[in-house]
1. Applying the selection to segment B:29-52, what residues are surrounded by fewer than 21 Cβ atoms within 10 Å (Cβ to Cβ), more than 17 Å from A:Gly41 (Cα to Cα) and either among the acidic types (Asp, Glu) or touching a Lys or Arg at 6+ places or on another chain (Cβ under 6 Å) (or both)?
2. Against the definition (out of contact with any Phe, Trp or Tyr (no Cβ under 6 Å at 6 or more places or on another chain), modelled with pLDDT under 95, closer than 24 Å to B:Arg36 by Cα and among the hydroxyl-bearing types (Ser, Thr, Tyr)), how does A:Ser26 come out, yes or no?
3. What is the one condition in (1) more than 19 Å from B:Tyr106 (Cα to Cα); (2) assigned to a strand (DSSP E or B); (3) not hydrophobic (A, V, I, L, M, F, W, C) that A:Gly16 does not satisfy?
4. Considering only residues of segment B:53-74 that are among the small types (Gly, Ala, Ser) and surrounded by 14 or more Cβ atoms within 10 Å (Cβ to Cβ), which is nearest to the other protein chains (Cβ to nearest Cβ)?
5. Looking only at strands (runs of 3 or more DSSP E) that lie completely in segment A:30-109, which have at least 2 residues being modelled with pLDDT of 95 or more, facing another protein chain (nearest Cβ under 10 Å) and crowded, with 21+ Cβ neighbours inside 10 Å?
6. Output yes when any residue across segment B:58-76 is at pLDDT 90 or above, basic (Lys, Arg) and more than 16 Å from B:Val4 (Cα to Cα), and no when none is.
7. When you scan segment A:51-86, how many residues do you find that are in contact with a Leu (Cβ under 7 Å, 6 or more places away or on another chain) and either acidic (Asp, Glu) or closer than 23 Å to B:Glu59 by Cβ (or both)?
8. Can you confirm whether segment B:41-52 contains a residue that is more than 10 Å from chain A (Cβ to nearest Cβ), free of Cβ contacts under 8 Å to residues at least 12 places away in the same chain and over 21 Å from A:Lys101 (Cα atoms)?
Amino acid sequence: KNEVEQSPQNLTAQEGEFITINCSYSVGISALHWLQQHPGGGIVSLFMLSSGKKKHGRLIATINIQEKHSSLHITASHPRDSAVYICAVRQGGSEKLVFGKGTKLTVNP
Amino acid sequence: NAGVTQTPKFQVLKTGQSMTLQCAQDMNHEYMSWYRQDPGMGLRLIHYSVGAGITDQGEVPNGYNVSRSTTEDFPLRLLSAAPSQTSVYFCASSHRGRWSVADTQYFGPGTRLTVL
């Protein structure tokens, strides 16, 4: 079983819809990252969080340490949000990141 | 700042050939790492470094070698290329933040490698 599980694997939405992508992990962590991989392949960091909630524009990331679960929300989705969203965790005391397989989001106009 | 740069962007090798993938960053980041990305799998850590002169193995280190002689550069060497090493390779860097744990990751554009 992968240490980091994302759901759904694929998600298709209509423009304007509220999107939720989930990430569950099985180990104790010091931080969780959400990344976005564009269709062209480039990867950018969206959030790094260890507790609570962070917001940047239309993106919101939350984490529940007790439940070992994080969610990435996109409000008022737009076709330019179409990308693969990747969750990664850093185990407590480790320098290494463990990645989920990603969620492919397609937002149709 | 150029950020994290990788060369080449594309490479085709024959089985048994060796080559070096270059990675450089100009943000004075202590932490650098190499990942490979294969279809249907998450990014997997090959090797990483927490500073000049210090390297360590990741999840899939076999067949790869690294060195970190300067803060800026972290080359990845394929010793004898195999078809199983066909993949997209990403280099990433970050500061070492709170608790000396790596902070927000900055990724290079990737190198698409095909081994025939």
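1. Across segment B:29-52, the qualifying residues are B:Glu30, B:Ala52.
2. yes
3. Every condition holds for A:Gly16 apart from (2).
4. Of everything passing the filter in segment B:53-74, B:Gly58 is nearest to the other protein chains (Cβ to nearest Cβ).
5. Details: elements: A:43-49, A:52-56, A:59-64, A:69-74, A:83-91, A:97-99, A:103-108.
So the answer is A:83-91.
6. Among the residues of segment B:58-76, not one is at pLDDT 90 or above, basic (Lys, Arg) and more than 16 Å from B:Val4 (Cα to Cα), which makes the answer no.
7. Number of matching residues: 4.
8. no
The values are calculated or read from the model by the stated rules, or taken from the named source; none is laboratory data. Quantities reported herein were computed from a predicted structural model and do not represent experimental measurements. Neighbour counts run over all protein chains shown; Cβ positions are idealised from the backbone, glycine included.
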